[in-house]
Amino acid sequence: MNQNQKYYAYDIETFPNIFSCVIQNIDTQDIRVFEISSRVNDTVKFYKTLLWLSKVQKIMVGYNNLGFDYPVLQHFISLYSQNLDGEALAFELYKYANEIIKNRSAHTYSSNNKKSIHISQLDLMKLHHFDNKAKMVSLKTLEFNMRSQNIEDLPFKPGTTIDQNQIDTLLKYNLHDVLETVKFFHHSQDAINFREELSIKYKENMMNYSDMKIGKQFFIRNLEDRLGNDICFKDGKPRQTIRNFVDFSKIIFDCVEFKTQEFLALKKYLMKQYTNNMKDVFRGLEVRYKDFVFYLGTGGLHGSVESCYYEEDETQVIYDVDVASYYPSIVVQNKLYPEHLGIEFTDIYNEIRELRFSYSKGTPENKMLKLALNAAGFGDTNNQYSPFYDSLMTITITTNGQLMLCMLAESLMVDIESLHLIQANTDGLTVRFHKNSEDKFFSLLKSWEDKTKMELEKIKYTNIWIRDVNNYIAKTIDGKVKKIGAYKDKLEWYQNHSALVVPKAVEAYLINKTPLEEFIKNHKEPFDFMISFKSQRDSKLVLESIDGLKKEYESLQNTIRYYISKDGKALKKVMPPIKNSKNSKDSNENRIIGINVGYTIDICNDASHFSFDKLNYEWYIKEAQKLIDPLFQTKQQNLFDFI
């Protein structure tokens, strides 16, 4: 039997006079549609289906189902014995669903409740950690990013009483969401398989754990196996070390040494700090040296030239040097540990670090162990809800990490006269210098490695184009292309995948000298031209057309897919009036704000509505040009600028 036959994707819809649920087997694609309304009452059939799913230990798959769909199913089960008619039961389920939405809190069933039926759940939102505010993304946005044929939004306003002739439209929409959930399940297959293996190995259900949570649980289990079951938690609460202050003079490593006045002043300043307010220590903290500004912060070092282009030539070379696994290396080499966990923590930490390197980069195991190391050795040491919490460890890592990189930068800038620092970031530097100094360069790197016990990874660039510290593109000596920020075209699921033809055209122009117009007009992937936009709850999207002096507006669904067209309509966002505005006009009238101002668009929620004939190529060319222009605003510096 195919392993996926145990998985059943599902989604529910709740309105005052109808409840619906569509369930589809992932493997066989067998579909069941359940309706509870005045028209049809599938209450008994639905209850028996849920009972069967529980008894044969199937797994129901959804998107935010643990936070919404599953609690509603449990409420349905609790109401089953009341023998309500279809419309009355639908209304009770609607009220309960509305309560969940209003309170924005997860409702869970009680295992002590005899009426409760446990059905295993797989929540794809939790698996991908999309319940994290920084990564929060709707299923509709995922439909765009998955390049689905159709993007369908809820056809009726929440809370609407559905007419009999509208019910089939609702059921069709319900089915659409299930089909899209199945599609995202397949995109998540490797992550699901990995969680299945871990759940069996550790006899713990990890199916709804994010990668980060799996990593932390792995580390906690290792600590408990070695140091006892109560090492991380006692009486259900995390064990922690609480600090009232940090004495910086006691945390800066002995290996941190400087030669120049600017960096000596930095170290002197930090050595005097005795506080519990790290933001005050690092607020506005910067060092200017040889026209480069190093910005220090609570999280890490950064600094970059802006609007520059550099190229390797007969005399100049470009290198990017990163510290391998920087923060974990600092933990291991300096035997750092949360005080309440003891020095044995460092031995376990090092073993997990070595285990990570036994797996190839890109494998689920390598990723999980990397997250375990980053969480236990850094991130969660500053998490007040974590058993790794000891803020002294956090600030020790970040402060010394920045100082050691400053130390490396100073050494290179002092001892290699031709060297120009291009970038400094959390774990590395990018530099350019005369090639006759390569031996000296490698010697200085080796000297720094010996002092700090860190290991540097070196990449040689032939070209680097920089807009700013967060947006650049570089080509390595072996032809690989590194793209950061606006220049990336391979994005995470939670990121905006709109108009990817733009960064692709920029890469083709910079790397292969292909003219923007040539690339864009010959690009034949329609989805790369499509754009996604989602309106907030208090606003709506409309298409504006003008007939004489009269403006007419056509309402759109909340999440739309469109492209810039030659003869379409203007896209507008209608927002509510400004509250408490001194201008009475602003207080009474909706605000209408243009999107892609100066251009018209055509909707392609159905991908078949896209047309190359109607496509306005000029907009895409101009957007690509906007990414290229900043790269050449500053002339490429040469050796004689620094002598």
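The values are calculated or read from the model by the stated rules, or taken from the named source; none is laboratory data. In this text the structure is predicted, and so the values were computed from the model without any measurement. Here the Cβ is made from the backbone with ideal geometry for all residues, glycine too, and neighbour counts use every protein chain on show. Note: accessible area is taken over every heavy atom of the protein model, side chains too, but ligands, DNA and RNA are not part of it. Shrake-Rupley method; radii C 1.70, N 1.55, O 1.52, S 1.80 Å.
Going by the structure shown, is Asp11 of a type in the set (Asp, Glu) and either assigned to a helix (DSSP H, G or I) or surrounded by fewer than 17 Cβ atoms within 10 Å (Cβ to Cβ) (or both)?
no
Write out, first by first residue and then by second, each pair whose Cβ atoms fall under 7 Å of each other, whose residues are 6+ apart or on separate chains, and whose first residue, in the stretch 232-258, is in contact (Cβ under 8 Å) with a residue 40 or more places away in the chain while the second is open to solvent by 70 Å² or more (accessible area, probe 1.4 Å) and of a type in the set (Asp, Glu).
Thr241/Glu339
Of the residues Glu552, Glu544, Glu507, which single one is closer than 28 Å to Ala607 by Cβ, assigned to a strand (DSSP E or B) and open to solvent by less than 70 Å² (accessible area, probe 1.4 Å)?
Glu544
Quickly run through the stretch 303-360 and pick out the residues that are farther than 15 Å from Ala376 by Cα, assigned to a helix (DSSP H, G or I) and more than 28 Å from the chain's Cα centre (by Cα).
Listed by number, the list holds a single entry, Gln333.
Conditions first: (1) outside any helix (DSSP H, G or I); (2) open to solvent by 30 Å² or more (accessible area, probe 1.4 Å). Phe527 passes all but one, so which condition is the exception?
Single failed check for Phe527: (1).
Quick test for you: out of Lys126, Lys133, pick the one residue that is modelled with pLDDT of 95 or more and either under 25 Å from the mean Cα position of the chain (by Cα) or of a type in the set (Ser, Thr, Tyr) (or both).
Matching residue, one of Lys126, Lys133: Lys126.
I'm trying to understand the selection: among the residues of the stretch 457-477, which are at pLDDT 95 or above and not in a strand (DSSP E or B)?
Within the stretch 457-477, just Ile477 meets the criteria.
Here is a yes/no grid of residues against (1) modelled with pLDDT of 95 or more; (2) open to solvent by 40 Å² or more (accessible area, probe 1.4 Å); (3) hydrophobic (A, V, I, L, M, F, W, C):
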site	(1), (2), (3)
Lys482	yes, yes, no
Tyr487	yes, no, no
Ile511	yes, no, yes
Thr514	yes, no, no
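Taking Phe156 as the residue in question, decide whether it is more than 20 Å from Phe68 (Cα to Cα) and not acidic (Asp, Glu).
The answer is no for Phe156.
Tally up the residues in the stretch 55-98 that are touching a His at 6+ places or on another chain (Cβ under 6 Å) and open to solvent by 20 Å² or more (accessible area, probe 1.4 Å), please.
Residues meeting the conditions: 1.
Does the stretch 336-345 hold any residues that are under 16 Å from Ala375 (Cα atoms) and open to solvent by less than 50 Å² (accessible area, probe 1.4 Å), and which are they?
Leu336, Pro338, Leu341, Phe345
How many residues are farther than 15 Å from Ala409 by Cβ and either open to solvent by 70 Å² or more (accessible area, probe 1.4 Å) or within 30 Å of the chain's Cα centre (by Cα) (or both) when one looks only at the stretch 272-292?
12
Out of all the residues in the stretch 422-438, which are farther than 11 Å from Leu412 by Cα, over 29 Å from the mean Cα position of the chain (by Cα) and not in a helix (DSSP H, G or I)?
His434, the sole residue that qualifies.
Identify, please: which residue in the stretch 369-409 is part of a helix (DSSP H, G or I) and touching a strand residue (DSSP E or B) at 6+ places or on another chain (Cβ under 7 Å) and is, among those, nearest to Ser325 (Cα to Cα)?
Leu405
Enumerate the pairs (first residue in the stretch 540-560 and over 30 Å from Glu143 (Cβ atoms); second residue anywhere and open to solvent by less than 80 Å² (accessible area, probe 1.4 Å) and modelled with pLDDT of 90 or more) with beta-carbon separation below 8 Å, excluding pairs fewer than 6 apart on the same chain, so at least 6 apart or on different chains.
Pairs found: Lys551/Glu544; Lys551/Ser545.
Report yes if Asp538 is closer than 21 Å to Phe612 by Cβ and under 28 Å from the mean Cα position of the chain (by Cα), otherwise no.
No, not satisfied.
Can you find a residue that is more than 23 Å from Lys451 (Cα to Cα), open to solvent by less than 30 Å² (accessible area, probe 1.4 Å) and in contact (Cβ under 8 Å) with a residue 60 or more places away in the chain anywhere in the stretch 346-361?
So far as the stretch 346-361 goes, yes, one or more of its residues are more than 23 Å from Lys451 (Cα to Cα), open to solvent by less than 30 Å² (accessible area, probe 1.4 Å) and in contact (Cβ under 8 Å) with a residue 60 or more places away in the chain.
Going by the structure shown, is Val323 in contact with an Asp or Glu (Cβ under 6 Å, 6 or more places away or on another chain), under 26 Å from Asp468 (Cα atoms) and of a type in the set (Val, Ile, Thr)?
yes
Within the stretch 18-32, can one find any residue that is closer than 25 Å to Pro155 by Cα, at pLDDT below 95 and not hydroxyl-bearing (Ser, Thr, Tyr)?
yes
From Leu227, Leu301, Leu264, which residue is buried (at least 18 other Cβ atoms within 10 Å of the Cβ) and of a type in the set (A, V, I, L, M)?
From the options Leu227, Leu301, Leu264, the qualifying one is Leu301.
Look at Gly299 and say whether it is in a loop (DSSP other than H, G, I, E, B), among the small types (Gly, Ala, Ser), more than 26 Å from Thr241 (Cβ to Cβ) and under 35 Å from the mean Cα position of the chain (by Cα).
It is false that Gly299 is in a loop (DSSP other than H, G, I, E, B), among the small types (Gly, Ala, Ser), more than 26 Å from Thr241 (Cβ to Cβ) and under 35 Å from the mean Cα position of the chain (by Cα).
Taking the stretch 609-622 on its own, how many of its residues are under 14 Å from Asp528 (Cα atoms) and either among the hydroxyl-bearing types (Ser, Thr, Tyr) or in contact with a strand residue (DSSP E or B) (Cβ under 9 Å, 6 or more places away or on another chain) (or both)?
The total comes to 7.
Please find, within the stretch 598-630, the residue that is farthest from Glu306 (Cα to Cα) out of those that are in contact (Cβ under 8 Å) with a residue 24 or more places away in the chain and open to solvent by 70 Å² or more (accessible area, probe 1.4 Å).
So, considering only residues that are in contact (Cβ under 8 Å) with a residue 24 or more places away in the chain and open to solvent by 70 Å² or more (accessible area, probe 1.4 Å), the one farthest from Glu306 (Cα to Cα) is Ser608.
Can you list residue pairs whose Cβ atoms sit under 6 Å apart, with the first residue in the stretch 484-511 being within 21 Å of Arg561 (Cβ to Cβ) and the second being of a type in the set (Gly, Ala, Ser) and modelled with pLDDT of 95 or more? Count only pairs 6 or more apart in sequence or on different chains.
From the stretch 484-511, the pairs are Ser498/Ser532; Val502/Ala624; Ala505/Ala624.
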